[in-house]
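Working notes for the structure below.
The values are calculated or read from the model by the stated rules, or taken from the named source; none is laboratory data. Keep in mind the model is a prediction, meaning the values are calculated, not measured. In this analysis, Cβ positions are derived from the backbone assuming ideal geometry, glycine residues included, and neighbour counts consider all displayed protein chains. Note: areas computed on protein heavy atoms with side chains; ligands, DNA, RNA excluded. Shrake-Rupley method; radii C 1.70, N 1.55, O 1.52, S 1.80 Å.
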Amino acid sequence: MVRRVAVVGAGVSGLAATKCCLEEGLEPICFERSEDIGGLWRYMDQAEEGRASIYRTVFTNSCKEMMCFPDFPFPDDHPNYMHNARLQHYIHKYAEHFNLLQHIRFKTLVTKVKKRPDFPVSGQWEVVTQRDGKEETAVFDAVMVCSGHHVYPNLPLADFPGIQKFKGCYFHSREYKEPEKFRGKKMLVIGLGNSGSDIAVELSTVASQVYLSSRSGSWVMSRVWDNGYPWDMLVITRFRTWLGNILPRALSDWLYVRGMNRFFKHENFGLMPLNRTSRKEPVFNDDLPSRIACGVVVMKPNVKEFRETSVLFQDGTVQDDVDVVIFATGYSYSYPFMEDDSIIKSRDNQVTLYKGILPPQLEKPTMAVIGLVQSLGPIIPTADLQSRWAVKVFQGQCTLPLVSEMMDDIDEKMGKKLQYGNSTTLQTDYITYMDELASAIGVKPSMLKLLLTDPQLALEVIFGPCSPYQFRLMGPGKWSGARKAILTQWDRTLQ
């Protein structure tokens, strides 16, 4: 029987995992290396080793109704998109409301997680932690890894010939905090993701010129969508997902491209993705198109080589007198505390997890990785549902298929992920994924039952936004406020 669970990290995934363990009567101990909760959302003036790092002006890309914990809505008066400090405040309120803080050990670093010698029988883990220079070893029945994936910067300098002789300064975007010290400088930002676009737009208010280099282009979406409503409340709906799944691929692709080009034509702005129908996560930036139109951000293709003070791009153009280069080139997955790294990365150093959560090769299913899947949907409700599923697996209430079947399922999903863009990010369709987990633990809302017993709610669930409350409507772990939260979500949005 699983009782004691080690939770690694007290960001939003770690808090969701801790709460789900408590709901099911388990005894979680959450280890957090810093002195506070919040993980990625906890802003610090300096990037700290081994911790995620954000810049001062980070706002959420998901709106409050879509990204809240499913049984803890944001206060009515909060804006739809939040600054990191406000989100951090909400995370604290959540932890206090559900009494999670007493289960967290702060300033405690997990240095090693390894199977016990009798693992094939007991499924137990040995967890070694460090606090104030003292080492401690404890035995746990299960481990939930919630250490996030924005910690270890990917700085692919080998892909950029001549960077050694470049005389200007260069660094990874995780070191970037605010624009002021770059006033009057010529800046090159490499990477058209959310961070790269945000940083380029912010620098354009102080720099003499900003160049934004992209290898493959990207769809750029606005947070503010039709009639000024949040994009995700209009886009992430069950009806649209169902439609996308039944339409012929060519038609669905055409509609997708047309939708993405509704506000401006991407090719006119040098932003068009190389693979037009790629569904990889779009970039959310309300200001980038206008900054390009004003000439303060200039789009550039990939860098061919660096020279002492200039940069040569793939299209043959050369930019002189570049002062600073910021590599917004993403992050790599790393689990330095895992004694056997192949448990999580069991194939070609790729993360290989059943349902994006469970290492399939384990003799006993007593480890879960929470919050690693990326979809167009928000991470908080995803982590909550993943944790609920994982805890049911630990307790044996959710039966797993054979290892070979789990591997087949992973392979099939990997094939689908390639359609969503790059296979290295664990991309998946939000509603399809959430429903798959919800069905397995009996909490997926039954449309037929709702249509017969509560038609008003049924219509909002089918045609309205697929907000997190839907996964606390029925079944184990249901929340009594879920129905009301769904029927009043538009009111809170307008407020």
Task: Those trypsin sites (Lys or Arg not before Pro) in the range 178-245 that DSSP places in a loop and that have at most 13 other beta carbons within 10 Å - done: R183
TODO: Calculate one ³J(HN,Hα) per residue across the range 126-141 by plugging θ = phi - 60° into the Karplus curve 6.51 cos²θ - 1.76 cosθ + 1.60, and present them in order as whole Hz with x for glycine and proline.
DONE: 9, 10, 9, 10, 10, 8, 6, x, 9, 9, 9, 10, 9, 9, 10, 7
TODO: Please determine, in degrees from 0 to 90 and to the nearest 10, the orientation of helix 12-23 with respect to the longest principal axis defined by the Cα atoms of the chain, where the helix direction is its Cα long axis.
DONE: 10
Open item on the list: Can you give me the angle between helix 379-394 and the longest principal axis of the chain, using Cα atoms only, in degrees from 0 to 90, rounded to the nearest 10?
Closed with: 30
Open item on the list: Amide H of Y211 versus every other amide H placed in the peptide plane: which residues, excluding those fewer than 5 positions away on the same chain, fall under 5 Å?
Closed with: M187, L188, V189, V298
TODO: List the residues whose amide H sits under 5 Å from the amide H of G148, counting only those 5 or more places along or on another chain, with H placed 1.01 Å from N in the peptide plane.
DONE: none
TODO: Let me know the charge dipole size of the range 12-53 about its Cα centre in debye, to the nearest 20, where only the beta-carbon of Lys, Arg (+1) and Asp, Glu (-1) is charged.
DONE: 120
Task: q = 0.14, 0.17, 0.20 Å⁻¹: log10 I(q)/I(0) that the Debye formula gives for the range 364-495, counting C-alpha atoms only - done: -0.73, -1.02, -1.27
Open item on the list: Starting from 0.36 nm per residue, how many nanometres of slack lie between E363 and C169 once their C-alpha separation is accounted for?
Closed with: 64.9 nm
Task: 31 Å Cα-Cα threshold exceeded, pairs from K93/K449; K112/K392; K64/K134; K364/K484; K265/K355; K19/K449 - done: K93/K449; K64/K134; K364/K484; K265/K355
TODO: Specify, per residue and in Å³, the volume enclosed by the convex hull of the alpha carbon atoms belonging to the range 443-495.
DONE: 72
- [ ] Please find the FRET efficiency linking S222 to L312, where r is the Cβ-Cβ separation and R0 is fixed at 41 Å, and quote it to the nearest 0.05.
- [x] 0.80
TODO: About the Cα centre of the chain, how large is the charge dipole given +1 on each Lys and Arg Cβ and -1 on each Asp and Glu Cβ? Please answer in debye to the nearest 20.
DONE: 420
Open item on the list: Just to confirm the number: angle between the C-alpha axis of helix 194-203 and the first principal axis of the chain, 0 to 90 degrees, nearest 10?
Closed with: 40
- [ ] Pull up all non-local amide H partners of H172: gap of 5 or more, or a different chain, and H-to-H distance under 5 Å with H placed in the peptide plane.
- [x] F327
- [ ] Provide the per residue accessible area, probe 1.4 Å, for the chain, rounded to a whole number of square angstrom.
- [x] 43
Open item on the list: Given an 8 Å cut-off on Cα distances and at least 6 residues of separation, report the relative contact order of the chain as a percent.
Closed with: 20
Task: Protection-proxy order for peptides 292-303, 403-414, each taking the mean of Cβ atoms within 10 Å per residue, highest first - done: 292-303, 403-414
Open item on the list: If you take semi-axes √(5λ) of the Cα gyration tensor in Å from the coordinates, which of (i) 36, 29, 22; (ii) 39, 33, 21; (iii) 29, 26, 24 do you get?
Closed with: (i)
Open item on the list: Taking only Cα atoms of the range 209-326, what ratio of Rg to Rh do you get with Rh as the Kirkwood inverse-distance radius?
Closed with: 1.06
Open item on the list: In whole percent, and with a 1.4 Å probe on the protein chains, what portion of the accessible area of the range 289-373 is carbon and sulfur?
Closed with: 43
Task: Dipole of the chain, positive end: most advanced residue of W225, G9, H89 [Cβ charges, Cα centre] - done: W225
